[in-house]
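All remarks here apply to the structure that follows.
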Amino acid sequence: MSLRLGDTAPNFQIATTTGDIDFHEWAGDSWVFFFSHPADFTPVCTTEMGRTAQLADQFEARNVKPLGLSTDSVEEHLQWIEDVNATQNTTLKFPIVADKDFKIAELYEMIHPGESETAAVRSVFIIDPKKKIRLTMTYPMSVGRNFTEILRVIDSMQLSDEKRIATPADWVPGNRVIIPPSIKNEEAKDLFPQGWEELRPYLRLTEV
Ligand code: BEZ
């Protein structure tokens, strides 16, 4: 089964570095940044785990819980976390799933056999509080993810939910946003009393 945007994120029960979890119960009313990495004790993964730990306050400010995953064991994860903390100057507190039998990696299609038969690629699932999959990204083994982009897309989706807007290319918080064509001018006057610039009837930019 292929997981697509808008699908309910499949639930699972699994051992993690902070204890056994039922995924949906653990997520509660938060957003989730669920991400896989190929293997513990590898260099790119060490920097990604460290970066996620360093950004704990940024994730919390957005009501997002990080959840890592690889096909290593809890014991391996816990030993590796010591290296992550020491080399990345941080204290990693979020759980990392120990998916020794690939149960979750297969459920979420994190194993791409052309890349590796035994290790997960660098998958990202951003899941909202209703447990809907809102964003997916897949990176190869050799490329560490861009955490500025991960926070940016979360900001965009949360603003879009709150204000019924869309965000243009390379948008960052503070930039103007787009009034979607589905909102006609009559309704837009109520929703965006600050007004907008109309570059085309389908391209209206406003401040939020
Ligand atoms: C790394 O994290 O550095 C890595 C892991 C698996 C394959 C290639 C690189």
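The values are calculated or read from the model by the stated rules, or taken from the named source; none is laboratory data. As the structure is a prediction and not an experimental result, all values here were calculated from the model. The area values use the complete protein model at the heavy-atom level, side chains included, leaving out ligands, DNA and RNA. Shrake-Rupley method; radii C 1.70, N 1.55, O 1.52, S 1.80 Å.
Relative contact order for region 112-208 using alpha-carbon pairs under 8 Å, separation at least 6, rounded to a whole percent?
Contact order relative to length: 16 percent.
Leaving out ligands and nucleic acids, note down the accessible area per residue over the chain with a 1.4 angstrom probe, in whole Å².
51 Å²
Okay, helix-only estimate at 222 nm for the chain: each DSSP H run of n ≥ 4 adds -39500 (n - 2.57), divide by all residues, round to 500 deg cm²/dmol; what do you get?
Per the formula, -9500 deg cm²/dmol.
Give the cross-link partners of Lys100 among the lysines, using a straight C-alpha distance below 18 Å as the criterion and excluding same-chain residues fewer than 8 apart.
Filter leaves no residues.
If the elastic network links every pair of Cα atoms under 10 Å, which of His77, His24, His37 fluctuates the most in the Gaussian network model of the chain?
For the chain, modelled as a Gaussian network with Cα springs under 10 Å, the answer is His24.
Could you give each residue of region 129-136 its phi-based ³J(HN,Hα) in whole Hz, using Karplus coefficients 6.51, -1.76, 1.60 with θ = phi - 60°, and x for Gly or Pro?
x, 8, 6, 8, 6, 9, 7, 10
Counting pairs of alpha carbon atoms under 8 Å apart in space and at least six apart in sequence, what relative contact order in percent does region 21-77 give?
51 percent
What helices does the chain hold that run 15 Å or longer along their axis, going by alpha-carbon atoms, with a Kyte-Doolittle average of 1.6 or more, using DSSP H for the helix calls?
The qualifying helices: there are none.
State whether region 13-145 is rounded, prolate or oblate according to the following rule on the C-alpha gyration tensor (a ≥ b ≥ c being the square roots of its eigenvalues): a/c under 1.5 gives rounded; otherwise a/b larger than b/c gives prolate, and the remaining case gives oblate.
rounded
Which of Met49, Met137, Met110 ends up with the largest GNM mean-square fluctuation for the chain, with Cα atoms connected below 10 Å?
Met137
On a full-extension model of 0.36 nm per residue, what is the gain between Asn85 and Arg4, subtracting their alpha-carbon distance, rounded to one decimal in nm?
Roughly 25.7 nm would be gained on extension.
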